[in-house]
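Participant: Submitted below is the structure of interest, expressed as structure tokens.
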Amino acid sequence: MEQICEAGTYAPTGMGKQSPLIVAVTNKELRDKLSRINAEIMGTDNDPFYGGPVVLTVLADKNRPTYLYDGSLVMGNLLNAAEALGLDGIWIHRAKETFETEEGKQILKDLGIEGDYEGIGNCVIGYRAGDKNIAHPRKENYIYYVK
């Protein structure tokens, strides 16, 4: 997890201001609480984290004009690092809504995270239960080369 998180910290950010934070959750109680809140927002009682034991939640400082892009790049780095290390990772949405709830705000407060942060995404890390998905074929005209 340390290598994956470190990779996240090397994502490019607007003017190098490093607006994101990574909350690395391996504590089962907090992981399950985040899953429950996420499920409630989604309108289900299923585990939206697919049983993954680790949740790397990315938050970013809304006072930076590039915060959404910065946090998204961190998420991409986390996912790529997990893949490179032979782990499976998946981006689960609703981090924004999770930390807009009173319970989510309290979680951040309890963790000592202060500021105007928005949840960007949850990177759930674990091992796949079944076979690896095969990537869909890439669409035509995905790349336009200009010479």
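The values are calculated or read from the model by the stated rules, or taken from the named source; none is laboratory data. Being a predicted model, the structure only gives us computed values, none of them experimental. FYI the Cβ positions are ideal-geometry reconstructions off the backbone, even for glycines, and counts take in every protein chain you see. Note: areas computed on protein heavy atoms with side chains; ligands, DNA, RNA excluded. Shrake-Rupley method; radii C 1.70, N 1.55, O 1.52, S 1.80 Å.
Participant: Mind checking which strands (runs of 3 or more DSSP E) fall wholly inside segment 1-92 and carry at least 3 residues that are of a type outside the set (Lys, Arg) and under 20 Å from TYR117 (Cβ atoms)? Steps first, answer last, please.
Facilitator: On the way: elements: 20-25, 54-61, 88-92.
By residue number, 20-25, 54-61.
Participant: State the number of residues belonging to segment 19-74 that are open to solvent by 40 Å² or more (accessible area, probe 1.4 Å) and aliphatic (A, V, I, L, M).
Facilitator: The total comes to 7.
Participant: Please identify the pairs in which a residue from segment 38-59 that is in contact (Cβ under 8 Å) with a residue 40 or more places away in the chain has its Cβ atom under 9 Å from the Cβ atom of a residue that is surrounded by fewer than 13 Cβ atoms within 10 Å (Cβ to Cβ) and among the aliphatic types (A, V, I, L, M), counting only partners at least 6 apart or on another chain.
Facilitator: That search, which allows pairs on different chains as well, returns TYR50/ALA129; GLY51/ALA129.
Participant: Here is a further query. Within the set of pairs 6+ apart or on separate chains, which have a first residue in segment 116-132 that is in contact (Cβ under 8 Å) with a residue 24 or more places away in the chain, a second that is open to solvent by 70 Å² or more (accessible area, probe 1.4 Å) and not in a strand (DSSP E or B), and C-beta atoms under 6 Å apart?
Facilitator: Close Cβ pairs (under 6 Å, with a partner that is open to solvent by 70 Å² or more (accessible area, probe 1.4 Å) and not in a strand (DSSP E or B)) amount to ASP116/LYS62; ASP116/ASN63; GLU118/LYS62; GLU118/LYS96; GLY119/LYS96; GLY126/PRO53.
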